[in-house]
Amino acid sequence: MNRLAGKVAIVTGASPNIGGTLAAGLAAEGARVLCADLDPDVAKASAARIEEAGGEAVAMSGDVTDPAHAEEVVARAVETWGRVDILVNNAVFFQQQGLMDMPYDDYRRQLDVILGGSFLFSRAAAAVMIEAGTAGSIINVLSTAAWQGQPGNIGYTTGKSGLINFTRSTAMDLARYGVRVNSFTPTATMPTDPEARAQLEELLSRPGTRSMDFKAQLPLNRLPTPEDYVGAVVYLASDEASMVTGTNITVDGGATAKYWPWRPHDS
Ligand SMILES: NC(=O)c1ccc[n+]([C@@H]2O[C@H](COP(=O)([O-])OP(=O)(O)OC[C@H]3O[C@@H](n4cnc5c(N)ncnc54)[C@H](O)[C@@H]3O)[C@@H](O)[C@H]2O)c1
């Protein structure tokens, strides 16, 4: 299909899980995609996945918290394809620690990757969109953990909830230029890759120090996969969403809508 024909996208944190799947999904709709990641092999594999499917992609590695890297990625997209239409701020690292056990430097680093990286990439991409008069679309990847209090994940949840208002405020900053900014909220995700899937299944079955019941608490009857997210992100990236800005689309199987004491699969 060609809902994004002629458009150029940048996806940060293009791992085989969510970022790489979103990158491939954008490419399947006709976008040319720059896949960026801290790990050069991950970026290359993501670009290769798109090319193998008949799309156009470029890989770049670097740290989203490096202002020069953000500028270089955007410049490379312009040099290669002449424009930037779509940015997906997706890069993250997970470090599940809470207020009482997370080292302060790690907390600051996690906030920097989530919030600093989104700032730097949004600014660099928006500058090019504004200069070219492009009706661009910036999409910030959140998490259901952005909307609820999760124990033992203080850097991640704080950074992701910061992105809620970063989205609204940047949407206001950029509205006059016709550049849209929205967020997309996924939840605990079942990877497509069988090995990663088996690892997660094992992790979910392990008794944890903080009791989490991902499967039984979800109103729909399975965890979403990365493929379940593609439609929402393609929509936000496309001209079909040309009047949608400063808001959020959630794909979470009903998790955040649920009345908290209800056990959806008990009866
Ligand atoms: N996996 C889930 O269950 C889940 C749930 C809710 C939300 N999310 C969100 O979805 C997005 C993707 O998650 P995922 O599970 O695919 O993550 P992942 O760990 O598979 O991929 C994240 C990628 O970001 C890269 N990265 C980390 N630090 C970086 C940096 N400083 N600069 C550049 N790249 C960096 C990593 O190398 C990695 O390839 C994230 O924003 C995450 O918060 C994931």
Task: Selection status of Thr65, assigned to a helix (DSSP H, G or I) and among the polar types (S, T, N, Q) - done: no
Task: Filter pass, Thr170 being more than 16 Å from the ligand (Cβ to nearest atom) and not in a helix (DSSP H, G or I) - done: no
Task: Hey, Ala135 more than 11 Å from the ligand (Cβ to nearest atom), modelled with pLDDT of 95 or more and part of a helix (DSSP H, G or I) or not - done: no
- [ ] For segment 42-62, indicate whether the set of residues that are within 13 Å of the ligand (Cβ to nearest atom), surrounded by fewer than 18 Cβ atoms within 10 Å (Cβ to Cβ) and closer than 30 Å to Pro151 by Cα is non-empty.
- [x] no
TODO: State whether the residues of segment 144-153 include one that is in contact (Cβ under 8 Å) with a residue 24 or more places away in the chain and not in a loop (DSSP other than H, G, I, E, B).
DONE: yes
Open item on the list: Being more than 29 Å from Val179 (Cα to Cα) and either without any contact (Cβ under 8 Å) to a residue 12 or more places away in the chain or aromatic (Phe, Trp, Tyr) (or both) is the filter here; which residues of segment 223-267 pass it?
Closed with: Tyr259, Trp260, Pro261, Trp262, Asp266, Ser267
Open item on the list: Looking only at segment 79-94, count every residue that is in contact with a helix residue (DSSP H, G or I) (Cβ under 8 Å, 6 or more places away or on another chain) and surrounded by 16 or more Cβ atoms within 10 Å (Cβ to Cβ) and tell me the total.
Closed with: 10
Task: Test result for Arg176, more than 30 Å from Trp260 (Cα to Cα) and loosely packed, with under 13 Cβ neighbours inside 10 Å - done: yes
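The values are calculated or read from the model by the stated rules, or taken from the named source; none is laboratory data. None of these values were measured; they are calculated from a predicted model. When we count neighbours, we look across all protein chains shown, and the Cβ atoms used for this are built from the backbone with ideal geometry, even at glycine.
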